[in-house]
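Report on the structure given below.
A short reminder: the numbers here are calculations on the coordinates, not readings from a lab. None of the values given here were measured: they were computed from a predicted structure. Here the Cβ positions follow ideal geometry from the backbone for every residue, glycine too, while neighbour counts run over all protein chains shown.
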Amino acid sequence: MMKTITKNMSSFRHVFYKSTLTPIFVVALRPKSQYETLLEEKHKSNETKKKLQGRKKALTKTKPPQQSQHERSLIKEMATTNEIIQFLQNTHYQDTSIHTAAIKRCSELKQPNAFHNIIQLIYQQNIPLGVIFCGAVLNYLGIWNKFDLQKKLFEQWFIHKELTSSTTPFNPNLITLSTMIQGCSKRGDVKQALYYFQLLVDRYNLKPDVIVCNSMLSVCANACDMESAEIIWKTMQNQPNIEIDM
């Protein structure tokens, strides 16, 4: 199914060929009108729905093992991080889906500092890391704005291959790289966003989707980086899976 870049995003093209400022850049130069604010909120709402749909599709493709279903159900009912950590210390499953459930539950309990303890337990128990677990950790770190740790773990797991299996392919998928780019967009780090985008396209030969492109255009817009925005725009034009709504 063809995906569509919104008109707000496609207005980057007009910036390159027309002198008229588009709404996405005017934001940085003058106060927003009520109409612009409404458009922006509508756009954010649409983007959130797209992201959620993408995450749900990814989860349905990677169902966790049935044998650890009972343990995951128990974790969902736990009320404290201490209870969760103690449970993980006593489990003998070599299955990161349990630890993924623990990360999610700690996030629900608003205790993101417990993420580090869960990761350390995996290392201590010599449990093989998986892309799903690593992607989930990076996603929840981004939700809690823990970008330094997010960046550090990405480098350890996917670039330096620390504490990962040398025999099992261990590359980030599109969702993981999208998560990293969205984190850059939240904190306005154009340079780091371009680094992840280059990894996505050149190193891992992945095709950027509508979410990735919108995130890249957003971070470029917030930094008024026209040169980088043009690079992203040209990349979008060469992607057959992305339809640009003019």
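May I ask you to list the trypsin sites (Lys or Arg not before Pro) in the range 123-157 that are in a DSSP loop and have at most 16 other Cβ atoms within 10 Å of their Cβ? Working shown, then result.
On the way: sites: Lys146, Lys151, Lys152; in loops: Lys146.
Hits after loop and neighbour filter: nothing returned.
Using the Stokes-Einstein relation with a Kirkwood hydrodynamic radius computed over Cα pairs, the translational diffusion coefficient of the range 63-161 at 25 °C and a viscosity of 0.890 mPa s comes to 181 µm²/s. Per-peptide packing, taken as the mean over residues of other Cβ atoms within 10 Å, places 109-115, 136-142, 210-216 in the sequence 210-216, 136-142, 109-115 from highest down. Output the pairs from Lys146/Lys207; Lys152/Lys191; Lys151/Lys191; Lys76/Lys161; Lys104/Lys146; Lys76/Lys110 with a Cα-Cα distance over 21 Å in this structure; if there are none, say none. Over 21 Å Cα-Cα: Lys146/Lys207; Lys76/Lys161. Summing charges over neighbours of Ile75, with a neighbour being any other residue whose Cβ is under 10 Å away from its Cβ, gives +1 when K and R count +1 and D and E count -1. In order along the range 173-183, the phi-based Karplus estimate (6.51 cos²θ - 1.76 cosθ + 1.60, θ = phi - 60°) of 3J(HN,Hα) comes to 8, 4, 5, 5, 5, 4, 4, 5, 5, 5, x Hz; Gly and Pro are listed as x. With a cut-off of 11 Å between beta carbons, the residues surrounding Leu153 carry a summed charge of 0, where Lys and Arg count +1 and Asp and Glu -1.
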